[in-house]
Amino acid sequence: PQESEETKRQLRDKLNIPQDVFVIISSGSCTPGKNHHDIVRALQGINKKIKCLYVHLGKGHTETEEKQ
């Protein structure tokens, strides 16, 4: 079932994510083929237009580079 708006609001509050921030979530291994670097680069332009937060859940060879 879909989460209620109140549940979403409570989760954002718990994680200290403002209500006006658009959240992008990805999951999977950190490897060159996943192109997480491209996502991070694209966020620079997106954040000029809207407030955005990128959350990635995963580990792998390119994890350290992606965090930097």
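Taken together, the values in this text are just the output of simple stated rules run on the coordinates, not laboratory data. These numbers were taken from a predicted model, which means no experiment stands behind them. A quick note on method: Cβ atoms are made from the backbone with ideal geometry, for glycine too, and the neighbour counts reach across all protein chains shown.
Residue by residue, segment 59-68 carries 3J(HN,Hα) couplings of 9, x, 4, 9, 4, 4, 4, 5, 5, 5 Hz when phi is fed to the Karplus relation 6.51 cos²θ - 1.76 cosθ + 1.60 (θ = phi - 60°); x denotes Gly or Pro. Geometric descriptor of segment 1-51, per residue, is 114 Å³ (volume of the convex hull of the Cα atoms).
For LYS8, a cut-off of 13 angstrom between C-alpha atoms picks up these aspartates and glutamates, skipping any fewer than 8 places away in its own chain: ASP20. When the pairs LYS14/LYS49; LYS14/LYS51; LYS34/LYS59; LYS14/LYS48 are compared against a 21 Å limit on Cα-Cα distance, LYS14/LYS49; LYS14/LYS48 fall above it. Around the amide H of VAL23, modelled in the peptide plane, lie the amide H atoms of LEU53, all under 5 Å away and 5 or more residues distant in sequence or on another chain.
To the nearest 20 debye, what is the magnitude of the charge dipole of the chain about its Cα centre, counting +1 on the Cβ of each Lys and Arg and -1 on the Cβ of each Asp and Glu?
Charge dipole of the chain: 160 debye, to the nearest 20.
Taking the charge dipole of the chain about its Cα centre, with +1 at Lys and Arg Cβ atoms and -1 at Asp and Glu Cβ atoms, the residue from CYS52, SER27, LEU11 reaching farthest to the positive side is CYS52. By the rule of a C-alpha distance below 19 Å, with chain neighbours fewer than 8 residues away ignored, the aspartates and glutamates paired with LYS67 are ASP38.
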